[in-house]
Amino acid sequence: MKKSEQGKTLIAAKAAGLVAWAAVMVFAGVAFRQHRAWKEPVVLGPGVTAVRSLHEWFAPLKGTENDCNVYVLDSGLPGSTILVLGGTHPEEPATNLAAELLVENAKPTSGKLLVAIHTNRSASTVTRPGEAYPQFYSIKTAWGQKKYRMGDRSANPLDSWPDPETYVHYPSGQMLAYMDIRNINRTWPGRPNGLLCERTSYGFMQMIRKEKVDLVIDYHEAELEYPVIGTIVAHQKAQEVAAMVSMDLSASQFRIGMEVSPRTLHGLTHREIGDFSDATALLFESPEPFLDRVRGATNEALLLTGVDEFVQRAGKAGLLYWPIDEKGWPIEVRVGRHIATTSKVFEVWNLLYPEKPIAVDGLPGYGDLAAKGVGAYFADPASVAKDRVAFE
Amino acid sequence: MLNHALLVLGVMVVVFAVASRLKVSVELSMLLAAIAGGLAHGSGFSARHVVDGAFTYFDVTLIFLSATFFMNIVKESGGVDYIVGGIVKRFHANRFLCLLFLTFILLIPGALTGSGSVTVLVVGALAAKVLSEMGIPKEKVTAIIFLCAAMSAAAPPVNLWAMMAAAGSNMPYVGFIGPLGALSVLGALFSMFWLGWKGSPIDAAKVAASIKVDARMRGWRVGLPFAVLIALIALSRIFPHDFPILGLPLCFMLAAATAAAVSATKVPLLRIARDTVDSLLPLVGMMIVVGILVQAMSLSGVRGLISLSVVTLPLAVIIGALFVILPLSEGLVQYASAPLLGVPLILLFNMKGIDPVVALSAMAVMWPLGDILPPTLVVGRAAVMVTGYDGSYYKGFVKATLVPALFILALSTLVVIFSGQLTFLKALG
Amino acid sequence: MNQAVMLLYYATTAFFAAMMAWNFARAKDAQKALLYLVVLMPFVMRLLRLK
Ligand SMILES: [Zn+2]
């Protein structure tokens with residue numbers, strides 16, 4: 001080839017590359033934009049008395065991605081105040097779905113419920129690189145599909161960048177992995193001038209103190225390869241509640257374990273909320289095969305059904321901490337576990353603290369939820385007045 | 001599901017092999033394999049996955065670029081010449097000290113950047129010149145440069161294999177400094193002294209004359225940028241809640257700015273930046289492409305298949321074979337090996353009561369030795385290039401690395417086996 | 001302060017991205033040029049604040 005010809009081929013190759021590159025970038029950019037901008041409608045149930053924003057307790061959060069909705073379900077009668085956190089880790093969809101189910105269905109008859117559906121909202125606006133998660137998943141309802149953002153474990157780098165060389169937890173001084181500064185379940189109790197998740201935790205702590213919250217419930221899901229699964233993790237102040245709930249549920253409905261929060265593991269809800277406020281804290285873990293590293297193809301079906309051949313094989317080889325069979329772990333069972341455990345916690349709470357009761361009507365039982373599906377409990381946003389719909 | 005994953009893996013392997021055959025670079029072959037695998041998987045694969053995957057190690061590439069930019073400014077401003085010249089001038093009579101200091105000079109660039117290539121490019125040529133003057137034959141000099149570069153890549157604080165594997169298994173990158181430091185320093189010292197102890201006395205005057213040191217060069221001009229770097233990192237750790245969160249890339253950029261500011265000669269920043277990016281392209285490209293490959297493998301279930309195959313092998317077989325598997329996989333797919341083999345192994349170790357931090361550290365010292373192996377030969381080729389060695393690649397150079405390499409592999413395997421007794425090494429953070 | 005640091009990261013990203021774009025334009029080898037494009041993807045995406 002002559003020199004000029006070579007030059008021409010090079011320019012042609014570069015031009016073709018640029019065109020392909022631009023196409024990929026535009027396609028992906030639009031996809032990322034749509035995901036981050038997607039709004040999930042939430043129909044305010046009969047119990048919802050107000051929708052507030054986290055910045056009302058900590059003003060600097062105003063305008064940030066983590067200024068999440070806080071749903072107030074107030075019976076108007078004295079009793080306990082209980083805060084429920086969904087979406088601490090937005091890659092654990094049963095958590096925000098369970099929280100949303102509370103908002104749409106729960107009706108307290110004594111005491112007060114506070115609910116956050118997306119505790120770390122920023123993390124729900126980004127998918128995890130390398131993991132090939134779908135960007136969205138849909139829940140079937142009587143009136144059509146309801147579409148949700150699938151998120152990451154950590155906040156979006158667009159909202160919190162950079163990460164430190166090593167993340168040193170405040171105030172314990174414990175060293176954690178750099179990206180854990182974007183994992184809100186490592187930043188409690190938070191600090192007012194920290195990075196986004198530290199400030200978000202701080203905002204929640206302010207709310208917990210101001211609203212005199214008695215108990216915080218933090219919903220989670222875990223891979224079956226992870227030892228903390230199918231269990232309630234309790235701050236020592238809530239040890240008795242957790243033990244009774246675990247015993248009762250395991251005997252009557254489904255197996256659920258109980259463990260006390262380790263005193264040396266910092267930044268987690270079940271440690272710091274109990275230590276740094278008058279409230280106590282419980283964390284529920286349900287099984288999510290979608291998160292397992294040995295999983296097969298990563299898709300919405302796996303996310304919703306929890307059926308996976310490879311994870312089953314790992315189970316047969318004795319490599320898992322939780323059982324799995326060909327029925328998998330469907331989303332309605334996982335949400336059902338969270339809702340049933342929550343109801344049972346209320347019941348036990350009333351036995352132990354009759355002077356500060358919490359009573360909630362309208363929550364489906366485990367069997368009903370597992371049979372009818374989660375979508376059966378979500379109302380059509382088009383069917384209600386505009387002021388009864390909030391957006392996540 | 002099994003058959004589907006096997007099919008996609010098959011497509012990936014064939015495309016990778018064919019592309020490599022057709023003289024497509026390793027990075028682009030891997031990209032083609034990832035895209036072909038994604039397409040073979042079918043539903044759900046899109047451009048979004050390509051870009052999503054490209055972000056997997058984006059943070060790491062920033063560390064990589066900024067650290068190398070910093071090292072290149074230090075080199076360009078005459079800092080490396082100054083230090084090596086100083087060592088020769090002061091310690092030429094003492095072979096032991098000479099070799100000792102050269103080992104540490106070779107360890108620093110890779111320790112900071114996580115890349116053996118950077119070590120070779122920044123200090124390799126100069127160290128090779130001194131070693132040759134010490135009467136060490138060329139193939140041994142090349143072997144020393146390669147082995148020390150490999151150990152520098154393994155050395156803390158930045159070990160890319162450990163970082164990538166830890167990130168993939170939700171494990172904090174904490175506790176690695178001790179085990180990585182102990183193994184890499186031992187490995188580098190053994191290599192240097194095994195291969196370099198025998199030779200002739202150095203002709204200090206001749207060497208000193210061949211190293212050009214700017215007359216205005218002073219110790220503080222080299223020391224200050226490093227002091228700034230260390231101070232920034234130390235302050236972030238000692239006063240984490242009063243000191244702003246800077247992150248490693250910014251620490252390196254500030255150190256780079258200091259190096260440029262105190263340099264005796266004017267350093268051409270733009271040219272250095274462009275050259276840095278140019279020389280790092282294969283490595284940065286590899287990290288980005290590996291991310292895309294991992295994404296395609298996660299999507300299609302190939303990652304699950306590989307993980308499952310690894311974790312269902314008997315533990316003794318796995319540990320006994322690590323010293324072969326890790327370097328071979330490094331030679332074949334480079335950093336991709338860390339998330340693909342490292343992550344399932346960590347999960348398995350956790351389950352079987354083997355300390356994952358110590359064991360992963362030992363593995364992360366074995367991986368870089370594979371950079372001498374085909375088809376990629378990355379660091380090996382770079383070492384040959386800077387030393388000007390013209391003998392046989394395998395019969396001369398690779399053969400010379402054998403004893404120290406086996407020593408490092410054996411030591412690391414022992415560390416995996418006895419990881420439980422070595423957990424005290426994690427105390428350094 | 002955090003905001004200022006974040007801005008410096010966008011500046012650093014832009015700096016390296018600019019060097020890559022420059023090298024892409026001058027690259028004599030087609031494969032090298034293509035690899036530059038691949039590497040540029042996350043850098044440009046971040047600068048556009050899309051990911
Ligand atoms: Zn979680």
Past 28 Å, Cα to Cα: identify those pairs from B:Lys75/B:Lys138; A:Lys316/A:Lys344; B:Lys212/C:Lys28; A:Lys107/A:Lys210; A:Lys39/A:Lys62, in the order given. A:Lys316/A:Lys344; B:Lys212/C:Lys28
Set A:Lys147/A:Lys237; B:Lys198/B:Lys395; B:Lys198/B:Lys426; A:Lys386/C:Lys51 screened for pairs whose C-alpha atoms are more than 30 Å apart: A:Lys147/A:Lys237; B:Lys198/B:Lys426; A:Lys386/C:Lys51
For chain A, with a Gaussian network of springs between Cα atoms less than 10 Å apart, report the residue from A:Asn105, A:Asn185, A:Asn299 with the top mean-square fluctuation. A:Asn299
Name the shape class, rounded, prolate or oblate, that the alpha-carbon gyration tensor gives for segment B:250-292, where a ≥ b ≥ c are the square roots of its eigenvalues, rounded holds for a/c under 1.5, and otherwise prolate holds if a/b is larger than b/c and oblate otherwise. oblate
Mind giving me the FRET efficiency for B:Val18 and A:Glu355? R0 is 60 Å, r the Cβ-Cβ distance, nearest 0.05 is fine. 0.20
Return the Rg/Rh ratio of segment A:309-392 with Cα-based radii and a Kirkwood Rh. 1.13
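Quick one: putting +1 on the C-beta of Lys and Arg, -1 on the C-beta of Asp and Glu, what dipole do you get for the protein assembly as shown around its Cα centre, in Debye to the nearest 20?
Details: 73 positive and 62 negative charges, 635 e Å.
Charge dipole of the protein assembly as shown: 3060 debye, to the nearest 20.
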Distance in nm between label sites at B:Leu414 and A:Arg191, each 7 Å beyond Cα in the beta-carbon direction? 4.3 nm
For each of B:Phe418, B:Phe193, B:Phe176, A:Phe290, count neighbouring Cβ atoms within 10 Å of the residue's Cβ, then give the residues from fewest to most. B:Phe418, B:Phe193, B:Phe176, A:Phe290
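Over chain B, calculate the relative contact order: mean separation of alpha carbon pairs under 8 Å at least 6 apart, over the residue count, as a percent. Walk me through the intermediate numbers first.
Values: 658 pairs, mean separation 114.4, N = 429.
Relative contact order, chain B: 27 percent.
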For helix A:93-105, what angle does its Cα long axis make with the longest principal axis of chain A, in degrees from 0 to 90 and rounded to 10? 50 degrees
Long-range amide H partners of A:Thr280 with built H, under 5 Å: A:Leu215, A:Val216
Cα gyration tensor shape for segment A:147-273, rounded if a/c is under 1.5, else prolate or oblate: prolate
Over all Cα pairs of segment B:46-428, the Kirkwood radius sets Rh, and Rg/Rh then becomes 0.97
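What is the sum of charges, Lys and Arg at +1 and Asp and Glu at -1, for the other residues whose Cβ falls under 11 Å from the Cβ of A:Asn96?
Values: positive: A:Arg121, A:Arg149; negative: A:Glu40, A:Glu91, A:Glu92, A:Glu100, A:Glu221, A:Glu392.
Local charge sum for A:Asn96: -4.
Sort C:Leu40, B:Leu7, B:Leu183 so the one with the fewest other Cβ atoms within 10 Å of its own Cβ comes first. Could you put the intermediate results ahead of the total?
On the way: C:Leu40 20, B:Leu7 15, B:Leu183 25.
Neighbour counts put them in this order, fewest first: B:Leu7, C:Leu40, B:Leu183.
Around C:Phe43, with a cut-off of 14 angstrom between Cβ atoms, what is the net charge of the other residues, counting Lys and Arg +1 and Asp and Glu -1?
+2
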Hey, what's the per residue convex hull volume over the C-alpha atoms of segment B:184-340, in cubic angstrom? 237 Å³
Helix axis angle, B:269-300 relative to chain B longest principal axis, alpha carbon, degrees: 20 degrees
Please list the non-local residues whose amide H lies under 5 Å from the amide H of A:Val84, H modeled 1.01 Å from N, same-chain partners needing a gap of 5 or more. A:Leu114, A:Val115, A:Ala116, A:Ile217
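Neighbouring Cβ atoms within 10 Å as the yardstick, rank B:Met71, C:Met1 fewest first.
Fewest-to-most ranking of B:Met71, C:Met1: C:Met1, B:Met71.
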Two-decimal log10 I(q)/I(0) for chain C, as the Debye equation yields it once each C-alpha is a single scatterer, q = 0.15, 0.18 Å⁻¹: -0.44, -0.59
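Pairs B:Lys206/B:Lys399; B:Lys89/B:Lys266; A:Lys8/C:Lys32: which are spaced more than 21 Å apart, C-alpha to C-alpha?
Numbers: B:Lys206/B:Lys399 30 Å; B:Lys89/B:Lys266 26 Å; A:Lys8/C:Lys32 16 Å.
Beyond 21 Å between Cα atoms: B:Lys206/B:Lys399; B:Lys89/B:Lys266.
So for the protein assembly as shown, Kirkwood radius off the Cα pairs, Stokes-Einstein at 20 °C and 1.002 mPa s: how many µm² s⁻¹?
On the way: Rh = 28.6 Å.
Translational diffusion coefficient: 75 µm²/s.
Output the relative contact order of segment A:38-391, whole-number percent, from Cα pairs under 8 angstrom with separation of 6+ residues. Intermediate results must be reported in sequence, preceding the final value.
Details: 830 pairs, mean separation 71.5, N = 354.
So the answer I get is 20 percent.
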A correct Stokes-Einstein calculation for segment A:38-391, using the alpha-carbon Kirkwood radius, 25 °C and 0.890 mPa s, returns a whole-number D in µm² s⁻¹ of 122 µm²/s
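Throughout, read-outs are computed from the coordinates displayed, never taken from laboratory work. Being a predicted model, the structure only gives us computed values, none of them experimental. Neighbour counts are summed over all protein chains in view; Cβ atoms, including those assigned to glycine, are modelled from backbone coordinates with ideal geometry.
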